[in-house]
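For reference, the structure is listed below as structure tokens.
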Amino acid sequence: MSNGGTRPIEDSIVRDFRVNLSYGAYLHLDELLSAQHPVSTPVHHDELLFIAAHQTSELWLKLMLHELRAVKAHLAADDLRPALKGLARVKHIQRTLTDQWSVLATLTPSEYAEFRSFLGTSSGFQSDQYRAVEFVLGNKNAQMLELFGHDERARTALAELLAQPSIYDEFLRYLARHGHAVPRALLERDVTAAHVFTPELVAVFRNIYEHAHDEWEAYEACEELVDLEENFQIWRFRHLKTVERMIGVKPGTGGSSGIGFLKAALDLTFFPELYAVRTEIGR
């Protein structure tokens, strides 16, 4: 029972953390909350928003990579159900990342201009975790490794992912092992290259979609992958519009053309045949 608008602390609640593990110690909050270091002089009020938005995005990207790696392993082991569970979690992470753009968009062009010059050549383009997510999903580009010559950890991680099958590669291999006529060239392709649209694969997906009751697990997996790509494209679009809102058509701090470069990313696709099959269904 409350007393005078306060809630009494129950006697059983732990108070002594000389031995017991505390919330702050478990999460290393001293380190986490001291990792925001504005570089503007004098420190601009809104720079903390800019830093926090990007740092939290990196944490969500770390979790997304953790889940996507597990999804790949489940697919390789023919364990589809936990793979689908992992994809469902990734979709929620994606929505959270997309919603975060609305917070950053509260930073007006005039406010951002007051500290943007202090960022130097640092840019979100240099996020190795974002590139890692692209690699895992199949948007491979070996040239991206050149951006991380200064960072052995990042370059090594990306090189490993570049050499590994993507989620799409593992899904196609899963389908082949379960009797679907996936073209052999796709099963033996160079996985360090980005997937290229293969018309013969559309027929495989058409068969799955038109016999959904008999191929329910494969059918569900196809739709989960479409959700994944759609969410990624929505994130890209929100990124584009937030940047356009904040800096217009200025070049990016990392040397890119800015929104022109971001617009080009909207044409990149991870699972093109899963979209192409929609034209064929019901014909």
| Which ³J(HN,Hα) values in Hz, rounded to whole numbers, follow from the phi angles of segment 145-160 under the Karplus curve 6.51 cos²θ - 1.76 cosθ + 1.60, where θ = phi - 60° and Gly and Pro get x? | 5, 5, 6, 10, x, 7, 10, 4, 4, 5, 5, 5, 4, 5, 4, 5
| query | Rounded if a/c is under 1.5, else prolate if a/b beats b/c, else oblate: with a ≥ b ≥ c from the C-alpha gyration tensor eigenvalues square-rooted, which is segment 84-205? | reply | prolate
| message | Cross-link candidates for K140: which lysines have Cα within less than 23 Å, leaving aside residues fewer than 8 places away along the same chain? | response | K62, K72, K91, K263
| query | Per residue, how much accessible area does the chain have with a 1.4 Å probe, in Å²? | reply | 58 Å²
| Is it possible to state the helix-based mean residue ellipticity at 222 nm for the chain, with each DSSP H run of 4+ residues giving -39500 (n - 2.57), the sum divided by total residues, to the nearest 500 deg cm²/dmol? What is it? | -18500 deg cm²/dmol
| note | Quick note, segment 26-77: a/c under 1.5 would make it rounded; otherwise a/b > b/c is prolate and the rest oblate (a ≥ b ≥ c, C-alpha gyration tensor); here it is prolate
| field | Separation between Cα centres of segment 165-224 and segment 96-133, rounded to whole Å | value | 36 Å
| Cβ-defined net charge surrounding L21, 15 Å radius [Lys, Arg +1; Asp, Glu -1] | 0
| Can you list the chymotrypsin sites (Phe, Trp or Tyr not before Pro) in segment 15-88 that are in a DSSP coil and have 14 or fewer other beta carbons within 10 angstrom? | F17
| Residues with beta-carbon under 13 Å from that of G258, excluding G258: net charge, scoring Lys, Arg +1 and Asp, Glu -1? | +4
| field | Anisotropy class of segment 93-163 from Cα gyration tensor, a/c 1.5 cut | value | oblate
| Extension reserve of the D30-W60 stretch, reckoned as 0.36 nm per residue once the Cα distance is removed | 8.8 nm
| query | With every protein chain in place, what's the accessible area of E146 (1.4 Å probe, Å², nearest 10)? | reply | 140 Å²
| note | Of segment 100-137, those with amide N under 14 Å from the point 7 Å along the Cα→Cβ vector of D151 are 121-134
| segment 32-191, accessible surface, carbon-and-sulfur percent (1.4 angstrom probe) | 57 percent
| note | For R81, the net charge from surrounding residues (Cβ-Cβ under 12 Å; K, R +1; D, E -1) works out to -4
| Over the chain, what number does the Rg to Rh ratio reach, with both radii from the alpha-carbon atoms and Rh per Kirkwood? | 1.05
| According to a simple spin-label model (label point 7 Å from Cα along Cα-to-Cβ), what is the distance in nm between E220 and K250? | 4.9 nm
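The values are calculated or read from the model by the stated rules, or taken from the named source; none is laboratory data. Quantities reported herein were computed from a predicted structural model and do not represent experimental measurements. Positions of Cβ are backbone-derived with ideal geometry, glycine not excepted, and every protein chain shown enters the neighbour counts. Remember, those area values only see protein heavy atoms, side chains included, never the ligands or the DNA or RNA. Shrake-Rupley method; radii C 1.70, N 1.55, O 1.52, S 1.80 Å.
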